[in-house]
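Asks: Please see the structure below; I have some questions.
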Amino acid sequence: MHIIGIRKTILEKHPWLAVNVMKAFIKAKELCWYELGQIGHLFTSLPWGVAEFADTRALMGEDYWSYGLEANRHVLSPSRAITTSRGLSARKVSPEELFAPRPAI
């Protein structure tokens, strides 16, 4: 759905940032899934929100807003050609280059 970008210069100064941003988005998604599935709570303006949420998950899978490289490789790989053909990128960037390296433990 979206990509969050963090400048390399910022990651060089704050190597923990990418992991913490990812954790924050994962937590936000957990809260979103919980709230969307609550019967009797109108978290959106959709009249059949709970039923629509259940139908969407049945159709698209439990985690249709997946995060991370491996879960999105099938989308990221073909999009490289689109970004270069439309002049958004000077070269085809590998999917791995779009993600911050894992910090050493």
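Asks: Residues being modelled with pLDDT of 75 or more and hydroxyl-bearing (Ser, Thr, Tyr): count how many of those fall in the stretch 41-56.
Replies: Going through the stretch 41-56 one residue at a time, the tally reaches 1.
Asks: Need pairs with beta-carbon distance below 8 Å; first residue open to solvent by 40 Å² or more (accessible area, probe 1.4 Å) and within the stretch 60-73, second assigned to a loop (DSSP other than H, G, I, E, B); sequence gap 6+ or separate chains.
Replies: Qualifying pairs under 8 Å: Trp65/Met1; Ala71/Asp63.
Asks: Answer yes or no as to whether Ile4 is out of contact with any strand residue (DSSP E or B) (no Cβ under 6 Å at 6 or more places or on another chain) and modelled with pLDDT of 80 or more.
Replies: Working: out of contact with any strand residue (DSSP E or B) (no Cβ under 6 Å at 6 or more places or on another chain): yes; modelled with pLDDT of 80 or more: yes.
Yes: the conditions hold for Ile4.
Asks: Hey, another quick one. Answer yes if at least one residue in the stretch 37-46 is assigned to a helix (DSSP H, G or I) and open to solvent by less than 100 Å² (accessible area, probe 1.4 Å), and no otherwise.
Replies: There is no residue in the stretch 37-46 that is assigned to a helix (DSSP H, G or I) and open to solvent by less than 100 Å² (accessible area, probe 1.4 Å).
The values are calculated or read from the model by the stated rules, or taken from the named source; none is laboratory data. None of the values given here were measured: they were computed from a predicted structure. Note that we place each Cβ from the backbone using ideal geometry, even for glycine, and neighbour counts take in every protein chain shown. Remember, those area values only see protein heavy atoms, side chains included, never the ligands or the DNA or RNA. Shrake-Rupley method; radii C 1.70, N 1.55, O 1.52, S 1.80 Å.
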